[in-house]
Every structure is written in structure tokens, then in C-alpha cells.
1. Which fully enclosed helices (runs of 4 or more DSSP H) of segment 265-374 have 3 or more residues being in contact with a Leu (Cβ under 9 Å, 6 or more places away or on another chain) and more than 18 Å from A420 (Cβ to Cβ)?
2. How many of the residues in segment 53-106 are touching a residue at least 24 places away in the same chain (Cβ under 8 Å) and under 16 Å from T438 (Cα atoms)?
3. Kindly list the number of the only condition in (1) under 30 Å from E360 (Cβ atoms); (2) within 23 Å of the chain's Cα centre (by Cα); (3) not in a loop (DSSP other than H, G, I, E, B) that fails for P213.
4. Could you check segment 130-156 and list, in sequence order, the residues that are within 22 Å of the chain's Cα centre (by Cα) and not in a loop (DSSP other than H, G, I, E, B)?
5. List the number of the failed condition for R12; all other conditions in (1) among the charged types (D, E, K, R); (2) within 16 Å of A286 (Cα to Cα); (3) at pLDDT below 95 hold.
6. Restricting segment 185-201 to residues that are buried (at least 24 other Cβ atoms within 10 Å of the Cβ) and among the aliphatic types (A, V, I, L, M), which is farthest from G342 (Cα to Cα)?
7. When both residues are 6+ apart or on different chains and their Cβ atoms are under 8 Å apart, which pairs have a first residue that lies in segment 347-365 and is without any contact (Cβ under 8 Å) to a residue 40 or more places away in the chain, and a second that is buried (at least 19 other Cβ atoms within 10 Å of the Cβ)?
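The values are calculated or read from the model by the stated rules, or taken from the named source; none is laboratory data. Note that this is a predicted model, so its numbers are computed, not measured. Note that we place each Cβ from the backbone using ideal geometry, even for glycine, and neighbour counts take in every protein chain shown.
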Amino acid sequence: MHFTRPDTRGDRQRSAALEVLEAALDAVDPAAALRRALNRDGDTLWVAGQSYDLRRFRRALVVGAGKAAAPMAGAVEEVLGDRISDGAVTVKYGYTAPTARVTLYEAGHPVPDSAGVAGTQAMIALLDGTGPNDLVLCLISGGGSALMPLPVPGVTLAELQALTNALLRSGAPIQALNAVRKHLSQVSGGQLARLAHPATVLALIVSDVVGSPLDVIASGPTVADSSTFGDAWDVLVRYAVLEQTPLSIRRHLERGLAGEVPETVKPGDPALDRVHNVIVADNALAAEAAAARAQALGFNTLLLSTYVEGEAREVGRVLAALAREIVAHGRPVPAPACLILGGETTVTVRGAGKGGRNQELALASALAIQGMSGVLIASLATDGTDGPTDAAGGLVDGGTVARGEAAGRSIFEALAANDAYTFLDSAGDLLLTGPTNTNVNDLMAVFVGEPA
């Protein structure tokens with residue numbers, strides 16, 4: 001995976017930074033990750049130490065959704081070949097890959113659309129009539145919640161779209177967003193496993209959630225759900241979107257609170273007895289690969305955390321503070337230094353600008369390192385699309401603010417309007433990759449000095 005922007009400008013530090021980020025993306029290529037996890041020896045399929053005798057299954061079906069699902073489907077086809085009877089998988093628009101036996105449906109993300117509903121209905125049609133002699137391979141990756149929408153009866157897609165938009169703008173983290181989604185869906189929160197029961201289900205998962213909790217990734221369609229109707233209601237209150245919530249959704253949640261609507265799948269449900277969930281790639285894998293490449297290039301490298309969360313611009317200021325500490329005191333590692341972090345921040349949207357959490361993080365850090373030399377900060381969405389933009393994030397230095405302002409932009413106005421994209425574009429500091437066909441959260445890096 002290579003970046004189409006920014007230009008390195010002949011700068012060794014920038015060139016090294018892009019090489020580090022590319023190494024991270026290469027490590028979480030979903031097809032390669034799946035091939036590492038899934039092995040076939042004749043009629044025996046092996047995954048994570050567990051074997052499956054393919055002779056005992058009359059059919060093998062492939063379903064799933066997510067930004068990484070297309071190359072995963074292609075890799076499954078390579079392993080299983082004509083053992084696959086049929087398949088239906090939904091991916092984000094543009095996130096396709098060649099498949100022979102699995103039908104790919106393209107749909108909207110992060111706000112669900114009618115194409116996503118059609119793809120989900122195709123999956124359910126495939127699962128109709130599955131029995132104990134069927135094998136269902138479920139390919140799950142980040143974005144699966146939005147790409148696999150099927151609202152509960154009484155709630156329309158338009159109403160689900162309106163609430164999703166409100167929650168995205170509120171700054172609610174993915175765990176909170178998915179607690180609501182699961183209680184408005186017919187497939188999330190373990191309900192896809194219930195639809196496939198009593199088939200054997202092998203869920204292969206690329207994690208895009210901090211810490212990789214299985215019930216949060218793509219809203220956990222094949223695992224027990226730890227959230228409740230009460231949790232979903234609390235999210236609407238906590239993030240001040242209750243008044244914006246369509247009446248049909250409020251009534252459905254109220255019926256759930258009263259026990260009039262069944263809860264999502266909980267631990268001990270028989271629908272989970274024949275389900276095996278396996279994570280094949282996550283943020284830690286990307287961060288470790290980035291750290292290894294930085295070390296090989298000659299940076300004193302430290303992987304600080306893969307659990308970074310919080311408001312994007314606040315995290316950006318923290319990264320700038322770390323850079324200042326290295327410059328002033330050589331801590332936590334001396335220059336030439338590279339600090340690697342992973343996770344997922346949020347943005348509370350107050351303006352009408354264009355951007356995403358990684359761009360906003362980068363812009364906030366650019367302000368905090370303004371005028372400094374030898375410091376570079378990157379923030380990257382590993383799926384290649386940060387927010388509703390074509391950028392993956394930003395790569396900023398001490399001259400970013402000056403370049404943007406020379407192009408007629410104000411960094412303070414950009415931050416106030418959540419318009420990081422426009423400012424970073426003017427400064428020449430947007431990260432552009434195009435669709436990466438993977439998604440394992442965000443990666444952040446702080447570089448101080450050039451590699452030896």
C-alpha cells in the first residue's frame with residue numbers, strides 16, 4: 001500500500017514516516033491475514049488450532065460485511081475453492097475485490113443505506129434453512145454495523161439514518177453507538193448467529209475496535225451481547241440526542257425496557273453453541289509492524305499504547321507534548337525518535353466543515369508544534385477514509401500552519417468549523433491512500449529527528 005499524497009518534498013524524515021505507515025498497512029492486509037489464519041489440508045480446514053472436517057458439511061456458505069470483507073472473501077475462495085456453495089457479502093462503495101463464488105454488495109458507510117439493507121436481506125435468504133450439516137463462514141470487519149443494516153419492525157431506514165448521523169456528530173464512541181445499533185437491528189448483537197443456527201459458524205474477524213471486544217466489532221453479529229436496552233437508552237441521554245431521536249425508535253427502546261421486546265443474544269444462548277469467533281488482524285498488529293519498520297530505519301522507537309481514545313484535538317495536543325518532551329529532555333526515548341500509538345478518537349462536531357478525526361487530530365497537533373523543526377506527527381485511518389472524505393488523515397510538521405495560512409486559511413477558523421480537510425489540503429499535508437480494503441482503527445506516530 002502506497003500513499004498518493006503527500007509528496008515527501010525530498011525530506012528524509014517524511015519519506016521514513018510514510019514508509020513506517022505503509023508497513024503498518026501492509027501488515028493488516030486482510031487477505032494475507034486470513035491466509036495466515038485459515039489453512040486447508042485436504043478435507044481438513046484448520047483455524048486457530050481448531051479443525052473442521054469438510055466431508056461432514058453438505059454446504060459451505062459465506063456471509064458477512066465490512067470494509068475488509070471483499071479481500072477476505074477472495075482469500076476464503078482461494079482456500080476452499082469449489083467447496084463454497086454460495087455467498088453474500090456487503091462492502092463499502094469502492095471497497096471491492098475479485099470474487100468467483102461470493103456475491104459482493106456495495107453499500108453506504110458510516111450512514112447505512114438501502115443498498116446495505118438489500119445486501120443484508122441476501123445474507124438472510126442464504127441462511128434460511130441452514131441445518132446442522134452446513135458450514136457458515138462469516139467475514140466481519142470494521143464498518144459492518146453500518147453495512148449490515150436491517151432495522152427492527154416499526155423503524156424505517158430513514159429513521160435509523162437520522163439517529164446514526166446524530167450520534168456520529170455527538171462524539172459518542174463506537175461502543176456507545178453500537179449499543180444503540182444492536183437494539184435496533186435484526187442481525188447485530190448475536191442475531192446473525194441465531195439466524196444461522198443450527199449450522200456451524202466460523203466467524204473470521206478483522207478488528208477495528210480498541211481492545212478488540214468481540215461484541216463491539218461490527219456490533220457483534222455472532223457473539224453474545226453485553227449491552228442492554230437500558231444501555232442503549234442511556235447513550236441517547238448521555239450524548240444529548242434523545243430529543244433528536246425519532247419517535248418510533250424511542251418507543252421501541254421503551255418497549256424493550258419494559259420487557260415487551262426480546263433482548264439481543266446473551267451468554268448461554270443455544271444459538272452460540274456451534275460458533276467459533278477468531279480475530280485475524282487488529283490494531284496491535286499494525287502498530288507492531290510500524291514500530292518494527294521504524295526501528296529498522298534507525299529510529300529509537302517506542303510503541304506507547306494501542307488503547308488511545310478521547311477527543312481528537314485533545315489527543316493531538318498530547319502528541320505534540322510528547323514531541324516537545326523528546327526535544328527538550330530526550331524522554332521517553334532520545335532523538336532520532338519514533339513513538340507509535342493506536343486507537344480511535346472521536347470528534348464532537350460543532351461546525352459545518354469537512355474532515356475526520358485523524359485530520360482534526362493532525363491539525364490540532366500542528367498548531368501545538370508550530371515553528372518547531374525536526375518534528376513530524378501523523379494520524380492515519382487505516383481504512384483510507386477518514387470521516388466523509390477521500391483523505392486517510394494528516395502528516396504535519398512545524399511549518400504546516402505557515403503553509404496553510406500562506407494559502408489564505410486560518411487554523412483557528414478551521415478548528416472552530418471542524419474544517420481540517422480544507423486547511424491540510426492547502427498546506428499539502430493530507431494523507432491520501434484511496435481505499436485500503438482493511439480497517440483496524442487509527443494509527444498515530446510522532447517523529448523527532450531524522451533516522452541515522
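1. 283-297, 312-329
2. The total comes to 23.
3. All conditions are met except number (3).
4. L137, C138, L139, I140, S141, G144, S145, A146, L147, P151
5. Unmet for R12, out of (1) among the charged types (D, E, K, R); (2) within 16 Å of A286 (Cα to Cα); (3) at pLDDT below 95: (2).
6. Restricting to residues being buried (at least 24 other Cβ atoms within 10 Å of the Cβ) and among the aliphatic types (A, V, I, L, M), the top hit is A196.
7. Listed pairs, sorted by first residue: none to list.
Quick grid of which residues meet (1) surrounded by 24 or more Cβ atoms within 10 Å (Cβ to Cβ); (2) more than 24 Å from M123 (Cα to Cα); (3) not charged (D, E, K, R):
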{"residue": "T8", "(1), (2), (3)": "no, yes, yes"}
{"residue": "D29", "(1), (2), (3)": "no, yes, no"}
{"residue": "A33", "(1), (2), (3)": "yes, no, yes"}
{"residue": "D43", "(1), (2), (3)": "no, yes, no"}
{"residue": "R56", "(1), (2), (3)": "no, no, no"}
{"residue": "G81", "(1), (2), (3)": "no, no, yes"}
